[in-house]
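Working notes for the structure below.
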Amino acid sequence: MTTPEDHTLLRRAIALAAAARTAGDPPFGSLLAGPDGTVLAEERNTTRTDQDITAHPELKLARWAARELDAATAAGTTMYTSCEPCGMCAAVIQQAGLRRVVFALSGRQLLDIRPGSGRPAVPQEGPALFDEVRAVVEGYYR
Ligand SMILES: [Zn+2]
């Protein structure tokens, strides 16, 4: 359940999305806030201006948190984002150990606004060559 305080920070994420659009990038923006609502970092989508398909604001913020914050601090943060994180970003947010994500537009709502924006899954094949890859991986994690 989102609160009025959440909505204030979500509106900032929406403003960052508008700034991305003005700059010629897809209209998505996000920020990372501490437990008291202090904004720690902000990002916007820069996939066009950086010519980087991974330059989603959520991904950039999760990488920033993993690099700049200790694990306990990261675990207290909330990401506010103009749109529900895509699969790539959701995985990195989980890897970064953030506490919570609050989004405005859902992925489903985005597809309704922009039909055809989804991409087909890439087929994956495996497992294969278990003994060969096992020799490289086994013993690394202790
Ligand atoms: Zn994403």
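A few notes on this one:
- Flag for Ser117 being within 14 Å of the ligand (Cβ to nearest atom), surrounded by fewer than 17 Cβ atoms within 10 Å (Cβ to Cβ) and modelled with pLDDT under 95: yes
- For the criterion of being among the aliphatic types (A, V, I, L, M), crowded, with 16+ Cβ neighbours inside 10 Å and either within 16 Å of the ligand (Cβ to nearest atom) or farther than 13 Å from Thr81 by Cα (or both), Ala19 fails.
Condition check ((1) away from the ligand (no atom under 13 Å from the Cβ); (2) outside any strand (DSSP E or B); (3) within 17 Å of Val92 (Cα to Cα)) across all residues:
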| site | (1), (2), (3) |
| --- | --- |
| Thr2 | yes, yes, no |
| Thr8 | yes, yes, no |
| Ala15 | yes, yes, no |
| Gly37 | yes, yes, no |
| Glu42 | yes, no, yes |
| Gln51 | yes, yes, no |
| Thr54 | no, yes, yes |
| Glu58 | no, yes, yes |
| Ala62 | no, yes, yes |
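- Condition met for Arg134 (within 25 Å of Arg12 (Cβ to Cβ), more than 12 Å from the ligand (Cβ to nearest atom) and either without any contact (Cβ under 8 Å) to a residue 12 or more places away in the chain or in contact with a Ser or Thr (Cβ under 6 Å, 6 or more places away or on another chain) (or both)): no
- From the list Ala19, Ala65, the one residue that fits, being touching a residue at least 24 places away in the same chain (Cβ under 8 Å), over 14 Å from Arg100 (Cα atoms) and touching a strand residue (DSSP E or B) at 6+ places or on another chain (Cβ under 7 Å), is Ala19.
- If the condition is being more than 20 Å from Gly87 (Cβ to Cβ) and either within 16 Å of the ligand (Cβ to nearest atom) or surrounded by fewer than 20 Cβ atoms within 10 Å (Cβ to Cβ) (or both), then the range 26-35 contributes Leu31, Gly34, Pro35.
- Selected residue (criterion: surrounded by the fewest Cβ atoms within 10 Å (Cβ to Cβ)) from residues of the range 65-86 that are among the polar types (S, T, N, Q) and closer than 18 Å to Ala17 by Cα: Thr78
- For the range 77-108, a tally of residues being at pLDDT below 95 and more than 14 Å from the ligand (Cβ to nearest atom) returns 1.
- Selected residue (criterion: surrounded by the fewest Cβ atoms within 10 Å (Cβ to Cβ)) from residues of the range 36-64 that are within 22 Å of Leu105 (Cβ to Cβ) and among the aliphatic types (A, V, I, L, M): Ile53
The values are calculated or read from the model by the stated rules, or taken from the named source; none is laboratory data. This structure is a prediction, so every number in the text was calculated from the model and none was measured. Reconstructed Cβ throughout: ideal geometry from the backbone, glycine too, with neighbour counts over all protein chains shown.
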